[in-house]
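So the structure is just underneath, and the comments pick up after that.
Just so you know, all these numbers are worked out from the coordinates, no wet-lab data involved. All values derive from a computational prediction rather than experimental measurement. Cβ placement follows ideal geometry from the backbone for every residue including glycine, while neighbour counts extend to all protein chains displayed.
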Amino acid sequence: MSTTPYTGDGAVDGKDDLYYMDLVEFRVQGGALFRVPTSGFTSSNPNFFKILGVTHQQLSLKSDTHEKIIELSDISRDMFRGLLLAMYPFARTAESYDEWLGALHLSTLWGLSEIRKKAVASISECPEFNSKALSERILLAREYEVGCWLRDAYCQIIQDKNMNVDTLRSSSSSEPLDWETISRLVQAQSLLKVWPADKFQDCEVCLNQQDEPRRKPGYNVNYRCFEHLSARSCVDVVFEKEYTKMGFNPLTAISFAGERLPLTGTTAFPDINQTGPPVSSPSGINVFIASAILGRSVIPCRVDKKRKKCVYFVLGGRERISHSGRFDLLPFSDQHLHWVKASHGQIPVNTQPVEGGHEEDGRLLYHASAFIEGYRIPGKTGLHLGGAKVPWYDCELIFTKDYEILCWRSR
C-alpha cells in the first residue's frame, strides 16, 4: 500500500477536503461527555466557537486530549442531546417536544439559524405544543422570538366569540397575559369586521397598494378582501411594534392560502397562463378552484370558465350556485400543489393544506375534491366537518373517506 500523501483536489497534507473531519468534545451539566464533528456547528454559524471563547489552538489538539473538552456546565444533557439529534440525525432525529425545545433553545442561544428553523417547524406540529394554553404559547413565542407562533396565538384568541378581559385574565396558564397585551387583543378583535362581499373594491389594503390610493363615499377602513380578510390582518396592524422589536415581518411570512386572482361575474376571466390548468373538465367545461366571499365567511368553491357567474359551493346542506360577489381563484400548478388522500376531516401527516377560507366563527376550511362520475369535483373540508362536502346537482354530497385535500408540495 502506498504511503505517499494524497494530493488530489482540495487535499491538504493528504487529508480529504470533504471527509476528514475535526472532532470536538463537550462536557455538559452532570459530567456527560459528547464527541461530535465540528462541522455541524460551524456550517450553521462560522463564529460558533468564538462565541464559546474557544481558540483555534484548542480545536487543533488531538481528539483524545482532554484539553480539547469544552465545558458547558450550565447546559443539561437532555437539552444538548436534543440539539445534536437535530444536527446529526445518524441513528434518529429529534422526535419529542422536549428534544426539539432543547434544539430551539440552544440554536437560538448560539445563532445556529438552520437548526432553529427546523426546530420551529417541528415544534409547530407537536401535539404537546398545540395543546398548550394560548397564553403559554405567547410566552414561548416571546422567549424564543418566534413571530409566527405569536401571530397564530393572537389570531386564535381574537376569533373566539367568548373572548373578553375576564376570560383573558383568568387563563389556565400560570402566567396570565399582561394588561397591555389584553387591551391590544380587544382592539384587534374590534377590527375583525367586514362589509358585504359586493363592496370588495373598497378593501383598505388593496387601495393603499395602488399608485394613487383612492377613497369612495362611505369607505370603511374595517373592510378586507379575501387576501386581506382575516384575523391576521387585524393582528398585524395592532401588534406591528411588537413584531418589529422581535424582527418578525408579516409581509414575508408564508401565506398558506396562496396568491389569488380576484374575480366577479362581470370581470374578464383570466387566460390559462394566469389560471394554470383546470382541475377537471366535466362535459367539456373547464373547472377551477376558488374561494367565495360571503359576508363574514369565505367558502371553498369551484367555478367554470364558460359560466363564470356560476360559483358552486356547499352551504346550508345543499349546493349553491348564485353568487353575485367576489370569488378568488387559485391558480393551479402541479409543481407547487398536489392532492393528498384524506378522511374524517383530518389533515394528513406531514402535509400543509391550502387554506381555502373560514367559517363565520373563524374555523378554517380547506379545498377538497372527490371523484364523481369519473371527474374530480372540488368542495370543502375542515377538522370540524368530519370529512368533505362537495356540491353536486343541487345537493351536498358528504364524504367521510375516499376524498382528497389540496396541499402544498413545499411551503
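In nm, give the distance between the simple-model label positions of Arg296 and Leu33, each being 7 Å from the Cα along the Cα-to-Cβ direction.
Reported label-point gap for Arg296 and Leu33 is 6.5 nm.
Here is the link list: Lys118/Lys245; Lys117/Lys245; Lys132/Lys245. Which ones come out longer than 27 Å on Cα distance?
Going by Cα-Cα distance, every pair falls inside the 27 Å limit.
Using a 10 Å cut-off around each Cβ, can you sort Asp304, Asp22 from fewest to most neighbouring Cβ atoms?
Asp22, Asp304
Work out how much length Met246 to Gln352 would gain on full extension: take 0.36 nm times their residue separation and subtract the Cα-Cα distance, in nm to one decimal.
That works out to 35.6 nm of additional length.
Which percent, to the nearest 5, of DSSP beta bridges fully inside segment 261-408 are antiparallel?
100
If packing is taken as the mean number of other Cβ atoms within 10 Å per residue, what is the order of 76-82, 236-242, 289-295, highest first?
289-295, 76-82, 236-242
Project the alpha carbons of segment 261-408 onto their principal axes and report the range along each, largest first, in whole Å.
Largest to smallest, the principal-axis extents are 38, 33, 28 Å.
When the convex hull of the Cα atoms of segment 23-126 is projected onto a plane and the area is averaged over all directions, what value comes out in nm²?
Average of the hull's projected areas for segment 23-126 equals 6.2 nm².
By DSSP, what percent of the beta bridges with both residues in segment 23-126 are antiparallel, rounded to the nearest 5?
55
Provide the FRET efficiency to the nearest 0.05 for the Glu259-Arg77 pair, computing r from the beta carbons and using R0 = 56 Å.
Given R0 = 56 Å and the Cβ-Cβ separation, E is 0.75.
How much net charge surrounds Ile182 when only the other residues with a Cβ under 14 Å from the Cβ of Ile182 are counted, with Lys and Arg +1 and Asp and Glu -1?
Its environment carries a net charge of -4.
Label point 7 Å out from Ala121 along Cα-to-Cβ: which residues of segment 377-411 have amide N under 18 Å?
Only 407-411 fall inside the zone, counting backbone N under 18 Å.
So for the pair Val165, Arg92, with labels modelled 7 Å out along Cα→Cβ, what separation do we get in nm?
5.0
Using DSSP to call loops (not H, G, I, E or B), can you name the trypsin sites (Lys or Arg not before Pro) in segment 343-395 whose Cβ has at most 16 other Cβ atoms within 10 angstrom?
Qualifying residues, ordered by number: Arg363.
May I ask you to list the trypsin sites (Lys or Arg not before Pro) in segment 120-184 that are in a DSSP loop and have at most 10 other Cβ atoms within 10 Å of their Cβ?
Lys161
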